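One structure is given here, and the rest of the page talks about it.
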Number of protein chains: 2
Amino acid sequence: MPETTLTPETAGFVDALKFDADGLIPAIAQQHDSGEVLMLAWMNRESIRETLAGGRVVYWSRSRQALWRKGDSSGQVQHLVELRVDCDRDCLLLLVDQKGAACHTGRRSCFFTAIRDGAPRIVAEIIADPEALYRS
Amino acid sequence: MPETTLTPETAGFVDALKFDADGLIPAIAQQHDSGEVLMLAWMNRESIRETLAGGRVVYWSRSRQALWRKGDSSGQVQHLVELRVDCDRDCLLLLVDQKGAACHTGRRSCFFTAIRDGAPRIVAEIIADPEALYRS
């Protein structure tokens, strides 16, 4: 990871974000060119700083209580194209370049279940074998 | 609002969502045709049921602790095109048709601040006068 230093303006921006009681902020990942919404995950100050400095997207895993460098296990990394924040400064939008499948099920997006004709339906195909993604 | 009854499958789907300790789930609103990510807000069971039944998007306002029928004050309503859920069933993606400005600042999207060239920059224009939107 590049050891790029954040500018004072960017560091101040990160400090001024509104984190919840656990020190987290939700982050939506959107493919920068196609507009696909890929996933929602959570970030803390450290993961935002590392993402902005290094250019690879790093989340905070609430289940593992650890930094989650997306793609370390699966190879399906996300590169940051642009980071945006909403008007309340309590949600991030990450425009990313997602390699392959964002979802652990091997689908491009985590949002693959839709309510259609009065029932939940799976509306996206598996594009990568999840067992192959997480084979160590 | 139409008093449409949810099908048993859809009602069961709503009951099986993973709500947080406050009974809420985050919902991303995306313009269905352009792909613009407009906002993130929160929903409870009741607001999801009303949205699915009536077709107009209803959130839960955490600040007002009340149902928030988007557009009741501003006229900038959201119509639901399709509701999706993620693989963990703890986040919703609403494909919507947004009239005018989703953001209370009068911008199309709430995500109008981006980190560019080492500093936060406003990257979207005001398309509706916020004072006119909220004049009662």
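The values are calculated or read from the model by the stated rules, or taken from the named source; none is laboratory data. What you are looking at is a predicted structure, and each value in this text was computed from that prediction instead of being measured. Ligands, DNA and RNA are stripped out before the accessible areas are found, and what is left, the full protein with its side chains, is counted by its heavy atoms. Shrake-Rupley method; radii C 1.70, N 1.55, O 1.52, S 1.80 Å.
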What's the percent breakdown of Cα-Cα distances in the protein assembly as shown across 10 Å bins, shortest bin first? 6, 29, 36, 23, 6, 0, 0
Accessible-area order (highest first, 1.4 angstrom probe) of the listed residues A:89, B:121: B:121, A:89
Need the list of lysines near residue B:99 for cross-linking: C-alpha distance under 16 angstrom, and skip anything on the same chain fewer than eight residues off. B:70
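Would you mind telling me the share, in percent, of accessible area of chain B contributed by carbon and sulfur at probe 1.4 angstrom?
Details: 3050 of 6450 Å².
Solvent-exposed carbon and sulfur of chain B make up 47 percent of the total.
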For residue A:70, tell me the accessible area in Å² from a 1.4 Å probe, rounded to the nearest 10. 10 Å²
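How much mean residue ellipticity at 222 nm does the protein assembly as shown get from its helices, if each DSSP H run of length 4 or more adds -39500 (n - 2.57) and you divide by all residues, to the nearest 500 deg cm²/dmol?
Numbers: 6 runs with 44 residues, N = 272.
Per the formula, -4000 deg cm²/dmol.
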Tilt, helix B:45-54 to longest principal axis of chain B (alpha-carbon atoms), in degrees rounded to tens, equals 90 degrees
Any idea of the total accessible area buried by the A-B contact, 1.4 Å probe, rounded to 100 Å²? 2900 Å²
Exposure of residue A:20 as accessible area (Å², to 10), given a probe of 1.4 Å and all protein chains: 60 Å²
Aspartates and glutamates within cross-link reach of residue A:18: Cα-Cα under 16 Å, excluding same-chain residues under 8 positions apart? A:46, A:86, A:88, A:90
Name the residues of the range A:104-120, by number, that are at least 50 Å² less accessible with every protein chain in place than in the isolated chain; the surface is that of heavy atoms, probe 1.4 Å, without ligands or nucleic acids. A:111, A:113, A:115, A:118
Note every residue of the range A:1-43 with a reduction of at least 10 square angstrom in accessible area, all protein chains present versus the isolated chain, computed with a 1.4 Å probe, or write none. A:7, A:9, A:10, A:13, A:26, A:28, A:30, A:35, A:37, A:40, A:42
